[in-house]
Amino acid sequence: MIDKVLAVQRMQDYISEHLGEKITLAELARAAMFSPFYSARIFKELTGLAPADYVRRLRLSKSALRLRDDNCRIISVAMDSGYESVDGYQRAFLREFGKNPAEYAGAPVPIGLFTPYGVKFRYIRKEYSMENVTSVFVQVIDKPQRKVIIKRGIKASEYWAYCQEVGCDVWGILTSMKSLCGEPVCLWLTEKQRKAGTSEYVQGVEVSEDYSGEIPEGFEVIELPAAKYLMFQGEPFKEEDYCEAIEAVQKAMNRYEPSVIGYKWDDANPRIQLEPRGERGYIELRAVNAK
């Protein structure tokens, strides 16, 4: 099983590195170090998509972010996404997101972007070991008064339970929305912020306090006050080591005494988790007040 996971991860990495180029099954097979037939089979087995569908959905999602953020021509986005004509790109975009790309560029709304989870992240979970703990960096940051558009779960107190309750597609919708901090967030809500029969752990996107845009179906808005946070950031890690990376930061945070820098923990504001991304290290934030 490990050999298959690593082979598919190598194909995913190759796709990520060469997304703007022509990608063939032969090239993916060389990355996987298996035959083209077997490579295609295990890729679909572990990702749920044929390689061509995976590439198509990833390119369309990247193109949607360009349309949202950049003042670019549709024809340029279409060509850069591997389409030979604007018509072909428009049809594919409409099938994927239910919106014409020109319409979306003019008035972006939340859409379900494709999130290319690495298979190592799903299938290889290492046990935590204190022997592998390295440095955790701490800094003080200020969060403004803001709204957070969230999707509540049922009983979840962590990521995997939350995905089982609401599905993993929530992240794609959140990623399509512009965030104050540049990316979606995960929150551990306080008792006051929870509703009866809903989860402590939620995913959401921070927006300005005067946000009046569209709220995706099944989501809702909560308001958070301005607050000061300590941001704990671990060192970069390999994707399969994400469990160790998370636990190392959380253990360091639990041992940390904020009074040494003149603060005390503020449990009236939610703990915040950013997406575990190996190239930057795991990041978690906990609110503080002046002592």
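Just to be sure before I move on: is Val288 outside any loop (DSSP other than H, G, I, E, B) and in contact with a Leu (Cβ under 7 Å, 6 or more places away or on another chain) in the structure I sent? So that I can check it myself, show each step before the final result.
Details: outside any loop (DSSP other than H, G, I, E, B): yes; in contact with a Leu (Cβ under 7 Å, 6 or more places away or on another chain): yes.
Against the criterion (outside any loop (DSSP other than H, G, I, E, B) and in contact with a Leu (Cβ under 7 Å, 6 or more places away or on another chain)), Val288 qualifies.
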For this session: For the stretch 13-33, name all the residues that are in a helix (DSSP H, G or I) and surrounded by 19 or more Cβ atoms within 10 Å (Cβ to Cβ).
Result: Ile15, Leu28, Ala29, Ala31, Ala32
Seminar exercise, completed: Scanning the stretch 187-196 residue by residue, those more than 23 Å from Leu113 (Cβ to Cβ), touching a residue at least 60 places away in the same chain (Cβ under 8 Å) and outside any loop (DSSP other than H, G, I, E, B) turn out to be Trp188, Lys192, Gln193
For this session: Check whether at least one residue in the stretch 53-73 is at pLDDT below 95, under 19 Å from the mean Cα position of the chain (by Cα), part of a helix (DSSP H, G or I) and among the aromatic types (Phe, Trp, Tyr), and report yes or no.
Result: no
Exercise. Of everything in the stretch 247-290 that's among the β-branched types (Val, Ile, Thr) and at pLDDT below 95, which residue is nearest to Leu189 (Cα to Cα)?
Worked result: Val249
Problem set entry | Residues being of a type in the set (A, V, I, L, M, F, W, C), part of a helix (DSSP H, G or I) and touching a residue at least 24 places away in the same chain (Cβ under 8 Å) - total across the stretch 34-51 | 3
Seminar exercise, completed: In the set Arg10, Arg66, the lone residue that is farther than 22 Å from Glu240 by Cβ and surrounded by fewer than 21 Cβ atoms within 10 Å (Cβ to Cβ) is Arg66
For this session: Scan the stretch 45-58 and give yes if some residue there is touching a Lys or Arg at 6+ places or on another chain (Cβ under 6 Å) and surrounded by fewer than 19 Cβ atoms within 10 Å (Cβ to Cβ), otherwise no.
Result: yes
Exercise. So how many residues does the stretch 92-109 have that are part of a loop (DSSP other than H, G, I, E, B) and within 10 Å of Ala64 (Cα to Cα)?
Worked result: 1
Exercise. Considering Ser212, Ser199, Ser179, Ser157, which residue is touching a residue at least 40 places away in the same chain (Cβ under 8 Å) and over 22 Å from Phe121 (Cα atoms)?
Worked result: Ser199
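Which residue is farthest from Ser63 (Cα to Cα), if the candidates are limited to the stretch 148-186 and must be in a loop (DSSP other than H, G, I, E, B) and charged (D, E, K, R)? Reasoning before the result, please.
If we filter the stretch 148-186 for residues that are in a loop (DSSP other than H, G, I, E, B), which is where we start, we get 152-158, 167-169, 176-184.
Now restrict to residues that are charged (D, E, K, R): 152, 155, 158, 169, 178, 183.
Working: Arg152: 29, Lys155: 35, Glu158: 31, Asp169: 18, Lys178: 15, Glu183: 17 Å.
Restricting to residues being in a loop (DSSP other than H, G, I, E, B) and charged (D, E, K, R), the top hit is Lys155.
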Problem set entry | Extreme residue, nearest to Arg271 (Cα to Cα), among residues of the stretch 118-134 that are assigned to a loop (DSSP other than H, G, I, E, B) and either at pLDDT 85 or above or among the acidic types (Asp, Glu) (or both) | Glu127
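The values are calculated or read from the model by the stated rules, or taken from the named source; none is laboratory data. Computed from a predicted model, the values in this text were never measured in an experiment. Ideal geometry is used to build each Cβ from the backbone, glycine not excepted, and the neighbour counts take in all protein chains shown.
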